[in-house]
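Worksheet: the structure to be examined is printed underneath.
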Amino acid sequence: MSARRFILLGPPGAGKGTQSQRLVADLGIPQISTGDLLRAARKAGTSLGQKAQSFMDAGQLVPDALIFELVEERLAQPDAAAGYILDGFPRNVTQADEMVGRRIAVERVVLLDVPTDALVARLSGRRVCGQCGATYHADTFPTRLEGVCDACGGAVAQRKDDRAEVVAQRLEVYAKETSPLIAYYASAGTLRRVDGFESADTVYASILTALSA
Ligand code: AMP
């Protein structure tokens with residue numbers, strides 16, 4: 001039986017979002033991306049979104065209390081009853097501990113392992129559709145028409161925090177605050193490692209194996 005409540009863990013640019021889109025379609029469970037939820041809150045101009053703004057633009061973590069507010073609200077939606085893919089959450093050991101206290105269940109943690117050099121290239125070239133969320137890469141996977149989404153015709157742009165100086169900061173935050181989760185979940189026995197530097201199809205197949213193994 002495959003895990004249906006799991007975390008995709010890995011540095012920014014590891015491919016968590018891309019792989020999640022396919023998992024959502026095949027497994028019929030939602031992706032819960034705290035980064036996406038925060039960006040939606042900002043776009044909607046909520047007070048939570050406003051509070052999160054300065055942290056996000058600086059590549060820092062948003063305070064845990066705001067994150068739990070968003071996650072609990074999302075998990076209460078009916079579609080999360082059958083399972084969920086947690087993407088970008090938890091982001092530090094405090095959040096992981098607090099999840100246990102709040103009974104947010106996780107059966108498996110899949111780590112997407114990608115070398116740091118590759119992350120910088122992936123993130124700084126990443127372009128995202130503001131309308132449907134499709135992702136592109138300026139060099140390796142450009143839109144057919146500059147700045148226009150192939151899928152929905154929306155405007156495609158660089159995320160503010162994908163600029164080089166913020167990318168370096170986010171990778172540092174990952175190393176310091178998020179990567180301790182690897183040992184945390186390894187000792188809990190739930191961690192599986194996947195080589196995220198392979199082709200998207202190979203990575204996907206490895207994730208499915210990791211969810212059932
Ligand atoms: P992401 O889209 O996952 O790269 O997240 C973008 C930004 O949102 C991060 O750089 C953080 O500022 C913030 N963020 C996303 N998820 C979390 C989280 N679980 N805890 C704290 N901050 C987060």
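Just so you know, all these numbers are worked out from the coordinates, no wet-lab data involved. Everything numeric in this text was worked out from a predicted model, so none of it was measured. A quick note on method: Cβ atoms are made from the backbone with ideal geometry, for glycine too, and the neighbour counts reach across all protein chains shown.
Quick one: which of 88-96, 185-193 comes out on top by average Cβ neighbours within 10 Å, and what's the full order, highest first?
88-96, 185-193
Report, largest value first, the span of the C-alpha coordinates of the chain along each principal axis, in whole Å.
So the three principal-axis extents are 45, 41, 34 Å.
Kirkwood Rh, the range 120-213, all Cα pairs: how many Å?
15.6
At 10 °C and a viscosity of 1.306 mPa s, what translational diffusion coefficient does Stokes-Einstein give for the range 58-145, taking Rh as the Kirkwood radius over Cα pairs? Give it in µm²/s as a whole number.
Approximately 100 µm²/s, per Stokes-Einstein.
Which of the lysines could a cross-linker span from K160 if the Cα-Cα distance has to be under 20 Å and same-chain partners fewer than 8 positions apart are dropped?
Those lysines meeting the cut-off are K16, K43, K51.
Label R193 and A118 with points 7 Å out from Cα along Cα→Cβ: what is the distance between them in nm?
1.4
Based on the alpha carbons, how large is the Rg to Rh ratio for the range 27-91 when Rh follows Kirkwood?
Looking at the range 27-91, the ratio lands at 0.98.
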